[in-house]
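I have placed the structure first, in the form of structure tokens, so that the comments after it can refer back to it.
The values are calculated or read from the model by the stated rules, or taken from the named source; none is laboratory data. The structure displayed is predicted, hence computed values, not measured ones. Backbone-built Cβ (ideal geometry, glycine too); neighbour counts: all protein chains shown.
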Amino acid sequence: MSGFDPVGSFDAEQAARYDDEPRGDEGDAAAFLARWAGDGGALEFAIGTGRIALPVAEHGVAVDGIELSPHMAARLRTKPGGAAIDVFPGDMAEVRTGRRYALAYLVFNTIFNLPDQEAQIRLFRNAERHLADGGVFVVEAAVPSAWIPADQEQAVRAERVDATAIAFDTYRYDPATQVLLENHLHITADGIRFGPIRLRLAWPAELDLMARLAGLRLLERHGGWRGEPFSGTGLHVSVYGR
Ligand SMILES: C[S@@+](CC[C@H](N)C(=O)[O-])C[C@H]1O[C@@H](n2cnc3c(N)ncnc32)[C@H](O)[C@@H]1O
């Protein structure tokens with residue numbers, strides 16, 4: 001996608017709006033993650049505005065984060081408890097904090113924000129090198145078929161249809177590379193606002209293989225934060241350890 005800048009997807013405007021409509025899984029996710037962290041500390045890859053990190057910290061867990069967007073990190077610092085979280089700027093596949101944790105985690109499909117398979121493999125390696133003895137890496141993501149119906153490699157979907165404003169989502173998916181190019185467009189009398197995103201999707205089995213390349217193996221897989229069974233559709237919460 002020419003002209004795409006990953007930081008641009010999470011610019012100052014996006015960061016200001018990010019917490020307006022919470023996803024709703026924050027409490028369950030924090031309880032699940034805090035159990036794995038115990039008193040060994042946690043590292044969130046792509047910590048964003050702390051939507052999950054702050055509730056995890058409320059369980060008494062010391063949380064660090066890595067974040068690419070300075071706007072998202074700045075928003076985190078303005079929230080109660082945010083200033084107590086160390087955020088290391090940069091690419092989560094590369095940045096090292098110099099510390100080790102009982103838990104590293106990456107949620108809300110954000111492993112797919114890494115542009116290709118190589119970067120996703122580097123991310124698993126980076127997670128492994130941050131784990132203390134007995135530590136685990138938790139990934140939460142949707143399966144690709146939850147995003148892209150099998151027979152729809154491109155589509156336009158209406159999201160809002162009013163007399164003076166429309167919004168729609170348009171995407172194109174390449175099954176060979178598993179790269180999804182997507183843009184949310186909002187059109188009003190004031191003009192057009194683009195919301196581009198480039199994602200590289202991966203099935204759970206491929207993530208398991210990436211983990212193996214990093215010296216990790218799948219310990220548990222659930223269909224949600226409450227330990228629901230994984231059905232093969234929707235999202236998965238996967239726990240990797242040495
Ligand atoms: C969907 S948000 C998720 C934020 C937070 N984890 C949550 O659950 O609310 C995706 C976040 O990933 C960050 N991000 C995207 N690519 C990144 C990268 N390569 N390294 C670090 N952060 C990245 C974005 O800036 C954004 O804050």
Inset, instruction - Go through the stretch 161-199 and count every residue that is over 17 Å from G3 (Cα atoms) and surrounded by 11 or more Cβ atoms within 10 Å (Cβ to Cβ). - result: 13
Legend entry - Matching residues in the stretch 20-33 - criterion: being without any contact (Cβ under 8 Å) to a residue 60 or more places away in the chain and either farther than 18 Å from H59 by Cα or near the ligand (Cβ under 9 Å from one of its atoms) (or both): D20, E21, P22, E26
Legend entry - the stretch 40-73 - residue that is within 12 Å of the ligand (Cβ to nearest atom) and of a type in the set (D, E, K, R) and, of those, farthest from F10 (Cα to Cα): E44
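The rows are residues; the columns are (1) closer than 27 Å to G227 by Cβ; (2) assigned to a loop (DSSP other than H, G, I, E, B).
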{"site": "G40", "(1), (2)": "yes, yes"}
{"site": "G50", "(1), (2)": "yes, yes"}
{"site": "P55", "(1), (2)": "yes, no"}
{"site": "L76", "(1), (2)": "no, no"}
Inset, instruction - Can you work out which of the residues in the stretch 190-239 that are hydroxyl-bearing (S, T, Y) and touching a residue at least 60 places away in the same chain (Cβ under 8 Å) is nearest to D11 (Cα to Cα)? - result: S238
Inset, instruction - Quick one: A142 ticks every box in (1) within 13 Å of the ligand (Cβ to nearest atom); (2) closer than 27 Å to A16 by Cα; (3) crowded, with 20+ Cβ neighbours inside 10 Å; (4) aliphatic (A, V, I, L, M) except a single one, so which number is it? - result: (3)
Inset, instruction - Being closer than 29 Å to D5 by Cβ and surrounded by 15 or more Cβ atoms within 10 Å (Cβ to Cβ) is the filter here, so list the residues in the stretch 212-235 that pass it. - result: A214, L235
Legend entry - In the stretch 72-92, the residues that are surrounded by fewer than 21 Cβ atoms within 10 Å (Cβ to Cβ) and at negative phi: A74, R77, T78, K79, P80, G82, A83, A84, D86, F88, P89, D91
Legend entry - Neighbours by Cβ (under 6 Å, 6+ apart or cross-chain): first from the stretch 5-18, among the aromatic types (F, W, Y); second within 7 Å of the ligand (Cβ to nearest atom) and assigned to a helix (DSSP H, G or I): F10/M72
Legend entry - In the stretch 47-98, the residues that are more than 22 Å from F32 (Cβ to Cβ) and of a type in the set (K, R): R75, R77, R96
Inset, instruction - State which residue is farthest from V179 (Cα to Cα) when the search covers only the stretch 1-11 and only residues that are surrounded by 13 or more Cβ atoms within 10 Å (Cβ to Cβ) and among the small types (G, A, S). - result: G8
Legend entry - Residue under evaluation R221, criteria (1) at pLDDT 95 or above; (2) outside any strand (DSSP E or B); (3) under 17 Å from P144 (Cα atoms), criterion not met: (2)
Inset, instruction - Could you list all residues from the stretch 150-169 that are part of a strand (DSSP E or B) and under 22 Å from L114 (Cβ atoms)? - result: D169
